[in-house]
Amino acid sequence: MKLKIVKYYPLIPVYAAYLILFLIGCTMPGMWQMVALLAFYCAIGQAFNIFLGMTGYVDFGYVAFMALGTYGMALGITAFYQSGLGIGIIFIGLLLGVVMAALLSLAVGAVALRLRGAYFAIATIGVNEGFRYLIEGAKIWGGSEGMIFSGELKEAFGVEMASRLSTLWADVAVFIIAAVAAFVTIHYMRGKIGYALTALREDEDAAKVMGINVTRYKIIAFITSASFAGLIGAMAWALKLTYVFPPDVFEIHYTIECIIVVLLGGAGTLLGPVVGGLIYALSKYWLAVVAPGFQLLIFAPIIIAIIVAFPEGIMGLVKRRAKGTGWERYII
Amino acid sequence: MIWQVLAGNLTHGLVLGAVYGVATMGLSLIFGVLRVVNVGHGPFIMVGAFVTLTMFAAFGIAPPAAIPAALVVGMALGFAFFYVVMRRLIKAPELASLLATFAMGILLEEIVKHTLGTEFRGYVWDVGKITLPMTVMPMTKVYAFIGSIIVAVALYLWFNKTRMGTAVRTVVEDSEGARVCGVNVGWSYALSFAIGIGLTVMSGVFLTMFIPVGINPYMGGAYTLKAFVIAVLGGLTSPYGAFFAGLIFGLVENGSYVFFALIPGVEPFALTRFITFAILLIILLVRPTGLLGRK
């Protein structure tokens, strides 16, 4: 029994970080927006890490899953806003978002995960862009105009509750999603799935020869990761912004941001996405204040330098330093 | 009437396809030799467009003269980027090179944005037009077509008939084997990368000769995605496969537009893009060596 709890020890620093963040947001006036931004980047980093960090496959169209989550919530609210289900509408939206993201990931995973390396990356870009242009071209779900549902939200919940849902509860939900994603990450890492994925990340052919059903584990990681992306899209985009606009939700820059967060913190580590998310979001926030308009100009060379100088990320370095010390069991 | 429109569109598609072909050869060359996907491909095309625009608008130099200038600028950028960054990432996991090339693209966009501004620009270089049975074609497009074919043939000759080109081809086949046989693999990497980037920047010139408007720092993104589709059609590793795939892509893009425009209640432009990505996925799954590639 003791052993079972020990394996979850690395969650302590993660949850401590989230708790501190949450308390800062609750107690310090005017900080909630920034805290919500930090939580958002930690959450997407954590969600993306389950696939990217554990398998080493680069999904360049990851934002498509967030987009589908956003659409799921939008469809849920616009379809049921007069049903009188109260808060149930939000849960229907969440469920729709997760199911749509999971179904897409199952479809993509079943076919595209046969491809490796650069071919997989290109295929996933194709899925993302193809989906976007299908929605715009065939005028599905409002086509290129997208969907705006702030009116429906107000009608279902009243003006005050609708605004609380967007400005408070959507962000709280992102915290919860991030916490659950951290738990799932460690559960996978310290279980059969994690060992199988580590083997396949290091050498897929060897893992296959050893009798590991690599396709199965890849798809498990892919669907898990995509489902969390759907949840985050539904909460942090749909419910918070109360609109969906295809060029925004399929924007490839969000995928890049996810990759940066994971790589900065350390791919395949539990604490990495949290550290990466905090550093990335803080510096983005800070640069927007001190050098508005110059963020990308400053970021791009820094990213290149990080890739070249320390590709393991911050937690990769910390993990190596912590080896053999008492901290080891808290850091992964 | 519809056939007239279709024939006209296909003619323009063929011309644009040749330009697309040149715009993708660099991507395929770099992937073939270094096994690196240049995700920042489009911004290099944008650089070429701005080279043309600057030379023409500021100094009155006609666009064709910008072709060698763009090649030089591109190769300089390519060598610099290779020796500073890419050299260290060849053996690294895909993630590193994908993110690095994307960041490089962003860097280029931002530098151009902060020096030249974000407004859409264009130029007018009127050298007459020719009237074909199905359409009227400005001479600038004809020059872009001829120029693209010359570039494609030149690359083919360099690749197949020269000593250096042969060395690069051996690296494409098997870099370890090439090294054992005494090929300077490091130099092949650097040269291919520089030529690849040079071709890409140069294609920006042809592109503005075809479409002399809409030049702005963020114009590259759409071409990155098109280039991916074309490169996959051509088999990803073969530059002249990419050229023929570009021709096919230009025909499909312009041809399908005519038919989608007939369907009421859809956006034909977006559907055309959807079709191209559908083709990308089908090719990747069914025949990853490309339409023209070997089995």
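The values are calculated or read from the model by the stated rules, or taken from the named source; none is laboratory data. Treat the numbers as computed from the prediction; the structure is a model and nothing was measured. Cβ coordinates were reconstructed from backbone atoms using ideal geometry, including for glycine residues, and neighbour counts include every protein chain displayed.
Within the stretch A:226-242, residues that are of a type in the set (Phe, Trp, Tyr) reach partners that are in a helix (DSSP H, G or I) with beta carbons closer than 6 Å, at six or more positions or on different chains, in the pairs A:Phe228/A:Ala47; A:Phe228/A:Ala181; A:Trp237/A:Thr70.
Only a single item in (1) buried (at least 21 other Cβ atoms within 10 Å of the Cβ); (2) more than 14 Å from chain B (Cβ to nearest Cβ); (3) within 17 Å of the chain's Cα centre (by Cα) is not met by A:Leu263, and it is number (2).
Listed conditions (1) loosely packed, with under 15 Cβ neighbours inside 10 Å; (2) of a type in the set (Val, Ile, Thr); (3) away from chain B (no Cβ under 14 Å) are all met by A:Ile148, apart from (1).
Taking the criterion of being free of Cβ contacts under 8 Å to residues at least 60 places away in the same chain and more than 13 Å from chain A (Cβ to nearest Cβ), the residues of the stretch B:113-127 that qualify are B:Asp126, B:Val127. Does at least one position in the stretch B:262-269 carry a residue that is in contact (Cβ under 8 Å) with a residue 60 or more places away in the chain, farther than 27 Å from B:Pro43 by Cβ and surrounded by fewer than 17 Cβ atoms within 10 Å (Cβ to Cβ)? Yes: one or more hits. Only a single item in (1) within 13 Å of chain B (Cβ to nearest Cβ); (2) in contact with a strand residue (DSSP E or B) (Cβ under 6 Å, 6 or more places away or on another chain) is not met by A:Phe299, and it is number (2).
Among the candidates B:Val172, B:Val183, which residue alone is more than 23 Å from B:Gly74 (Cα to Cα) and β-branched (Val, Ile, Thr)? Unique residue meeting the criteria: B:Val183.
Looking at B:Gly32, B:Gly42, just one residue is farther than 26 Å from A:Pro301 by Cβ, within 14 Å of chain A (Cβ to nearest Cβ) and assigned to a helix (DSSP H, G or I), and that residue is B:Gly32.
Against the definition (closer than 18 Å to A:Ser225 by Cβ and of a type outside the set (Phe, Trp, Tyr)), how does A:Ile212 come out, yes or no?
The answer is no for A:Ile212.
Among the conditions (1) away from chain B (no Cβ under 13 Å); (2) modelled with pLDDT under 90, A:Ile140 misses just one, which is (1). Among the residues of the stretch B:86-112, those that are more than 8 Å from every other protein chain (Cβ to nearest Cβ) and surrounded by 15 or more Cβ atoms within 10 Å (Cβ to Cβ) comprise B:Met86, B:Arg87, B:Ile90, B:Ser97, B:Thr101, B:Gly105, B:Leu108, B:Val112. For the stretch A:124-145, give me each residue that is in contact (Cβ under 8 Å) with a residue 24 or more places away in the chain and either within 21 Å of the chain's Cα centre (by Cα) or under 30 Å from B:Ala92 (Cβ atoms) (or both). Of everything in the stretch A:124-145, those that are in contact (Cβ under 8 Å) with a residue 24 or more places away in the chain and either within 21 Å of the chain's Cα centre (by Cα) or under 30 Å from B:Ala92 (Cβ atoms) (or both) turn out to be A:Thr124, A:Ile125, A:Gly126, A:Val127, A:Asn128, A:Glu129, A:Phe131, A:Arg132.
Of note, A:Thr185 satisfies the criterion of being away from chain B (no Cβ under 14 Å), under 30 Å from A:Leu21 (Cα atoms), among the hydroxyl-bearing types (Ser, Thr, Tyr) and surrounded by 17 or more Cβ atoms within 10 Å (Cβ to Cβ). When each of A:Gly61, A:Gly76, A:Gly69 is tested for being in contact with a Gly (Cβ under 9 Å, 6 or more places away or on another chain), assigned to a loop (DSSP other than H, G, I, E, B) and closer than 30 Å to B:Phe277 by Cα, the lone residue that passes is A:Gly61.
For the stretch A:23-58, a tally of residues being in a loop (DSSP other than H, G, I, E, B), farther than 24 Å from A:Ser225 by Cβ and aromatic (Phe, Trp, Tyr) returns 0. Within the stretch A:102-119, the residues that satisfy the criterion of being closer than 13 Å to A:Ile219 by Cβ, more than 7 Å from every other protein chain (Cβ to nearest Cβ) and of a type outside the set (S, T, N, Q) are A:Ala102, A:Leu103, A:Leu104, A:Leu106, A:Ala107, A:Val108, A:Gly109, A:Ala110, A:Ala112, A:Leu113, A:Arg114. Screening the stretch A:146-156 for residues that are in a helix (DSSP H, G or I) and touching a residue at least 60 places away in the same chain (Cβ under 8 Å) and picking the one that is nearest to A:Leu94 (Cα to Cα) gives A:Leu153.
Quick one: in the stretch A:262-278, which of the residues that are out of contact with any Leu (no Cβ under 9 Å at 6 or more places or on another chain) and among the aliphatic types (A, V, I, L, M) is nearest to B:Val39 (Cα to Cα)? Ranking the qualifying residues of the stretch A:262-278, first place goes to A:Leu264. Of the residues making up the stretch B:246-293, those that are more than 14 Å from chain A (Cβ to nearest Cβ), part of a helix (DSSP H, G or I) and in contact with a helix residue (DSSP H, G or I) (Cβ under 6 Å, 6 or more places away or on another chain) are B:Gly246, B:Leu247, B:Gly250, B:Leu251, B:Asn254, B:Gly255, B:Val258.
Where helices (runs of 4 or more DSSP H) sit wholly within the stretch B:135-206, those with at least 3 residues that are within 24 Å of B:Leu247 (Cα to Cα) and aromatic (Phe, Trp, Tyr) occupy B:139-161. Against the condition surrounded by fewer than 24 Cβ atoms within 10 Å (Cβ to Cβ) and out of contact with any His (no Cβ under 8 Å at 6 or more places or on another chain), how does A:Thr78 come out, does it pass? Spelling it out, A:Thr78 is indeed surrounded by fewer than 24 Cβ atoms within 10 Å (Cβ to Cβ) and out of contact with any His (no Cβ under 8 Å at 6 or more places or on another chain).
In the stretch B:221-244, the residue that is surrounded by the most Cβ atoms within 10 Å (Cβ to Cβ) out of those that are away from chain A (no Cβ under 14 Å) and not in a loop (DSSP other than H, G, I, E, B) is B:Pro239. Kindly establish whether A:Gly313 is crowded, with 22+ Cβ neighbours inside 10 Å, away from chain B (no Cβ under 14 Å), in contact (Cβ under 8 Å) with a residue 24 or more places away in the chain and not β-branched (Val, Ile, Thr). Taking the combined requirement at face value, the residue does not satisfy it.
Number of residues in the stretch A:196-214 that are among the hydroxyl-bearing types (Ser, Thr, Tyr) and loosely packed, with under 15 Cβ neighbours inside 10 Å: the value is 0.
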